[in-house]
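Throughout, read-outs are computed from the coordinates displayed, never taken from laboratory work. None of the values given here were measured: they were computed from a predicted structure. Cβ coordinates were reconstructed from backbone atoms using ideal geometry, including for glycine residues, and neighbour counts include every protein chain displayed.
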Amino acid sequence: MENPFQKEKQQCLLCRLKIIPDYKNVKLLSQFQSPYTGRIYGKHITGLCETQQKLVEAEIVKAQSAGLMATYLKEPCYLKDPKLFDADNPIRPHRF
Ligand SMILES: [Zn+2]
């Protein structure tokens with residue numbers, strides 16, 4: 001019999017929705033980019049697992065070198081996208 005009290009496995013956003021980040025999916029990748037500096041948010045803010053975070057970072061770099069994404073700012077057309085996470089309230093507090 002299955003344990004009814006077993007906690008549901010903690011999964012990050014992308015694992016839960018079974019999304020594989022892709023450099024052509026600029027709309028998704030833009031949501032991991034800061035609107036002020038264009039930097040990629042850290043793992044403690046995005047709440048992604050190690051694997052997905054690395055994938056997202058790699059795909060963003062790929063998209064940027066392919067000219068699909070801006071480097072120092074967020075593409076203005078994505079600024080009003082719904083937020084996947086709150087950058088001001090990190091899921092895991094910063095380690096510094
Ligand atoms: Zn994950």
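Some notes on this structure:
- Of all residues making up the range 46-76, the number that are of a type outside the set (Phe, Trp, Tyr), in a loop (DSSP other than H, G, I, E, B) and over 23 Å from residue 17 (Cα atoms): 9
- Qualifying position, being touching an Asp or Glu at 6+ places or on another chain (Cβ under 6 Å) and surrounded by 14 or more Cβ atoms within 10 Å (Cβ to Cβ), among 90, 21: 21
- Evaluation of residue 38 against (1) part of a loop (DSSP other than H, G, I, E, B); (2) in contact with a Phe, Trp or Tyr (Cβ under 6 Å, 6 or more places away or on another chain); (3) touching a residue at least 40 places away in the same chain (Cβ under 8 Å); (4) not charged (D, E, K, R) (one fails), failing number: (3)
- Whichever residue in the range 46-75 is exposed (fewer than 13 other Cβ atoms within 10 Å of the Cβ) and either under 15 Å from the mean Cα position of the chain (by Cα) or under 14 Å from residue 28 (Cα atoms) (or both) and, among such residues, is nearest to the ligand (Cβ to nearest atom): 51
- Scanning the range 82-92 turns up no residue that is free of Cβ contacts under 8 Å to residues at least 12 places away in the same chain, in contact with a strand residue (DSSP E or B) (Cβ under 9 Å, 6 or more places away or on another chain) and in a loop (DSSP other than H, G, I, E, B).
- Any hit, the range 29-38, residues being away from the ligand (no atom under 16 Å from the Cβ), at positive phi and surrounded by 12 or more Cβ atoms within 10 Å (Cβ to Cβ): yes
- Taking first residues from the range 8-30 that are in a helix (DSSP H, G or I) and partners that are more than 14 Å from the ligand (Cβ to nearest atom) and among the hydroxyl-bearing types (Ser, Thr, Tyr), the Cβ contacts under 7 Å between residues at least 6 apart in sequence or on separate chains come to 27/78; 30/78.
- Filtered residue count, the range 7-18, keeping only those that are within 11 Å of the chain's Cα centre (by Cα) and over 16 Å from residue 92 (Cα atoms): 1
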